[in-house]
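The values are calculated or read from the model by the stated rules, or taken from the named source; none is laboratory data. In this text, all values refer to a predicted model and were calculated from it rather than measured experimentally. Here the Cβ positions follow ideal geometry from the backbone for every residue, glycine too, while neighbour counts run over all protein chains shown.
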């Protein structure tokens with residue numbers, strides 16, 4: 001089983017969860033997945049959800065082969081944390097995932113459409129949010145390099161999608177992907193899975209990751 005952890009972007013807000021990228025990924029690949037995304041959750045709250053879900057899986061003897069983590073946007077948009085504090089929570093989840101015997105995939109969250117978010121989402125300095133998200137992307141990449149988790153740069157890929165998708169809107173409200181955007185993210189992750197590329201666990205090449213789950 002693959003467990004997906006994150007906030008409303010992972011949950012698929014404002015659409016039904018079946019339109020979220022984790023659920024679409026499951027449909028595309030046939031892998032068994034569980035989407036634990038929660039609207040409005042910060043990285044600290046997601047870390048607590050992570051520990052609870054992993055403990056439940058252990059108690060129920062469910063085999064979790066891979067955990068996929070994408071969080072941190074709410075910390076920055078709501079002004080309750082920084083790139084560094086979100087990184088610390090992701091580091092805890094990586095360590096807990098390894099301790100449970102799972103492979104770990106970390107995804108960088110998309111940037112916002114600052115002008116659109118300023119009109120349609122909660123008040124915030126979205127240019128500053130994007131600056132922090134870009135910094136956070138670099139910190140996540142370094143963390144994954146140091147821990148052996150697989151880094152998936154959705155932030156850069158989604159920026160290209162948003163800039164080049166003619167006739168397709170990338171954001172519902174400047175923060176959350178449209179259904180087309182959710183499908184794009186799912187396709188990015190599914191393409192990676194189909195390559196059968198695996199993360200390095202603690203600096204060593206692992207035999208499998210999201211591609212061998214199911």
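Somewhere in segment 28-36, is a residue surrounded by 24 or more Cβ atoms within 10 Å (Cβ to Cβ) and either at pLDDT 95 or above or under 22 Å from residue 153 (Cβ atoms) (or both)?
So the first thing to find is which residues in segment 28-36 are surrounded by 24 or more Cβ atoms within 10 Å (Cβ to Cβ), and the list is none.
Within segment 28-36, not a single residue is surrounded by 24 or more Cβ atoms within 10 Å (Cβ to Cβ) and either at pLDDT 95 or above or under 22 Å from residue 153 (Cβ atoms) (or both).
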The listed residue being at negative phi and under 13 Å from the mean Cα position of the chain (by Cα), out of 120, 76, 111: 111
Evaluation of residue 96 against (1) free of Cβ contacts under 8 Å to residues at least 12 places away in the same chain; (2) buried (at least 17 other Cβ atoms within 10 Å of the Cβ) (one fails), failing number: (1)
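Being buried (at least 22 other Cβ atoms within 10 Å of the Cβ) and touching a helix residue (DSSP H, G or I) at 6+ places or on another chain (Cβ under 6 Å) is the filter here; which residues of segment 37-46 pass it? Full working, then the answer.
Looking only at segment 37-46, we keep the residues that are buried (at least 22 other Cβ atoms within 10 Å of the Cβ), and these are 37, 41-43, 46.
Across segment 37-46, the qualifying residues are 37, 42, 43.
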Residues of segment 102-129 classified as in contact (Cβ under 8 Å) with a residue 12 or more places away in the chain, part of a loop (DSSP other than H, G, I, E, B) and farther than 21 Å from residue 11 by Cα, total: 2
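Has segment 12-20 got any residue that is in contact (Cβ under 8 Å) with a residue 12 or more places away in the chain, buried (at least 17 other Cβ atoms within 10 Å of the Cβ) and under 17 Å from residue 103 (Cα atoms)?
Our first condition is that a residue be in contact (Cβ under 8 Å) with a residue 12 or more places away in the chain; within segment 12-20, this holds for 12-15, 17, 19-20.
Subsequent filtering for residues that are buried (at least 17 other Cβ atoms within 10 Å of the Cβ) retains 12-13, 19-20.
Then drop every residue that is not under 17 Å from residue 103 (Cα atoms), which leaves none.
Taking every residue of segment 12-20 in turn, none turns out to be in contact (Cβ under 8 Å) with a residue 12 or more places away in the chain, buried (at least 17 other Cβ atoms within 10 Å of the Cβ) and under 17 Å from residue 103 (Cα atoms).
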Residue count for segment 130-151, restricted to those that are surrounded by fewer than 21 Cβ atoms within 10 Å (Cβ to Cβ), in contact with a strand residue (DSSP E or B) (Cβ under 6 Å, 6 or more places away or on another chain) and part of a helix (DSSP H, G or I): 1
Of all residues making up segment 53-73, the number that are more than 12 Å from residue 136 (Cβ to Cβ), in contact (Cβ under 8 Å) with a residue 40 or more places away in the chain and assigned to a helix (DSSP H, G or I): 4
